[in-house]
1. Residue by residue through the range 67-74, what is 3J(HN,Hα) from phi via Karplus (6.51 cos²θ - 1.76 cosθ + 1.60, θ = phi - 60°)? Round to whole Hz and write x for glycine and proline.
2. When the accessible area of the chain is split by element with a 1.4 Å probe, what percent falls to carbon and sulfur?
3. Can you give me the span-like helices of the chain, meaning DSSP H runs with 24 Å or more of Cα extent along the axis and Kyte-Doolittle mean at or above 0.5?
4. Zone of M64 (label point 7 Å along Cα→Cβ, backbone N under 11 Å): which residues in the range 166-190?
5. Run down the lysines and flag those whose C-alpha is under 21 Å from the C-alpha of K340, throwing out any fewer than 8 positions away in its chain.
6. Out of residues 5 or more away from E371 or on other chains, whose amide H comes under 5 Å of its own, with H placed 1.01 Å from N in the peptide plane?
7. So, by mean Cβ neighbours within 10 angstrom, what's the order for 334-340, 422-428 with the highest one leading?
8. List every residue whose amide H lies under 5 Å from the amide H of N117, counting only residues 5 or more places away in sequence or on a different chain, with H placed 1.01 Å from N in the peptide plane.
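The values are calculated or read from the model by the stated rules, or taken from the named source; none is laboratory data. Owing to the predicted nature of the structure, the values given are computational and were not obtained by experimental measurement. Backbone-built Cβ (ideal geometry, glycine too); neighbour counts: all protein chains shown. All accessible areas refer to the heavy atoms of the entire protein, side chains included, with ligands and DNA or RNA removed. Shrake-Rupley method; radii C 1.70, N 1.55, O 1.52, S 1.80 Å.
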Amino acid sequence: MGSPENIKTLIKRTFIVLGIAFAIIIISFVFHVIQINKFNQQERYYTSDTVSMDVTADIHPRGMLTDSWEKNDAFEDMVINGKIYEAVITNNSKCLLSDWQLRVNIKESCWINNAWNGTVEIHQFVDGQEKSQTIDLRDYNIGDISLDYQLAGQDLLIPLNSGDYFIYWPYTGNDSGEVPLKSTNEYSGQAYIGLILYSISGDNDLSDYVMTYHLNQSYFSGTFGTLFLVIIPAWILIMLVFAVIAWIVVGFESTMYYQSQIIDDMFAICSKLADEKDYYHKDHSNRVAKYAKKIAEAMGMDKQDCNIVYYGALLHNIGNYAVPERILSKSSKLTEEDEKIIQVHTMKGARLLEDVKSMPQAPSATLYHHERFDGTGYPTGKKGEEIPLIARIISVADAYDDISRDREYRKKYTLDEMKTFFKEKSGTWYDPFIIDVFLKIIDSIEE
């Protein structure tokens, strides 16, 4: 298990990777937004000669029986003909059509009488002077009109001649249906404009027109827009979920780490107590634990089993509390009687560790680490694979620590002498497989 600092480092690096990826997504989205804004800000035009299926404008007589008539009260000697014209604006672009206006250039003399639903900006050129005024022809005060006009009964007639023009501005109310014009895969937006014009012939050529407009595309429409619509919230959700998981993991790992530290400290205290009475084996258990773990790792054991070997080795001499200090601190070689007394530490240690529920292998490590592979060891005379594996590993590590240190009655072994010793004892005192593994790492085991 890594320390909280290592976990935090891993989480921090993961957040950096996620953050960089998110930054790339946001930067890509910004460029996407810039492109969409350019598209939306582009002023577009449609005329009678334009070939387009996205947006169309068409002006034509409405064509019903009641949509044309004669008027004989406008002039004493002339009858004029009225007609309703319809302009249809169609949006098939799958975008929002907005900011549109329709300019109609007059080719032949006529009079404009009405228009719906929006307002009409009329431009007259009289004696070289331009007059212009925007009027709602459905709702006006006659006294406010500054253009040339005349009244025929209740009808307003504003004359328009060749070169004059008017601009239709759509009604912007929510109930207008004119702006904006929506368009989807299932729906084409349309706006219908009505105009009443009078002329002598009754026919007016309104083919000279131009509609200006903007198309507004949503940032989240189209393939890329849909992709961003999915990726951005999903990535934010991923980061939030990871943040929650990271918070939980850090808290859990911190708790487990400190619990592990407590366990390590307790085992370390126990190992020091085991070595405290032995002047010649100070820190012996700690070294044996280190060597035993390296042997277990070299044997290919997994991390958890290597840790079990390590902790078992820390406690292998815990039974020394029952051995008199005069024997443990003895500088000369032990007598046969001393050997019998000191053998008690294996059984005392195993009995002491019987209640260690977290590591049931601990009693075996303590009880059998002085057994020999040929059955000549103590305290039970087990042999071969009857001896628990953890005890067979610890016995090799224990022997190595003993012969690699000076004693009063002998010098420590050289590396070659140690190799010879373990080769000679392979298959008799020690497991030959473990010895083969150990001899491969003996040169570096102190590192």
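1. Couplings: 8, 9, 7, 9, 9, 10, 10, 7 Hz.
2. Details: 13450 of 24660 Å².
Percent of accessible area from carbon and sulfur atoms in the chain: 55.
3. Values: long enough: 4-41 (53 Å, 1.01); 222-276 (77 Å, 1.30).
What comes out of the filter, once short or polar helices are dropped, is 4-41, 222-276.
4. Of the residues in the range 166-190, none has backbone N under 11 Å from the label point off M64.
5. Within the straight-line cut-off, K340 pairs with K277, K330, K348, K382, K383.
6. Y378
7. 422-428, 334-340
8. Here the answer is Y171, G194, since their amide H atoms fall under 5 Å of that of N117.
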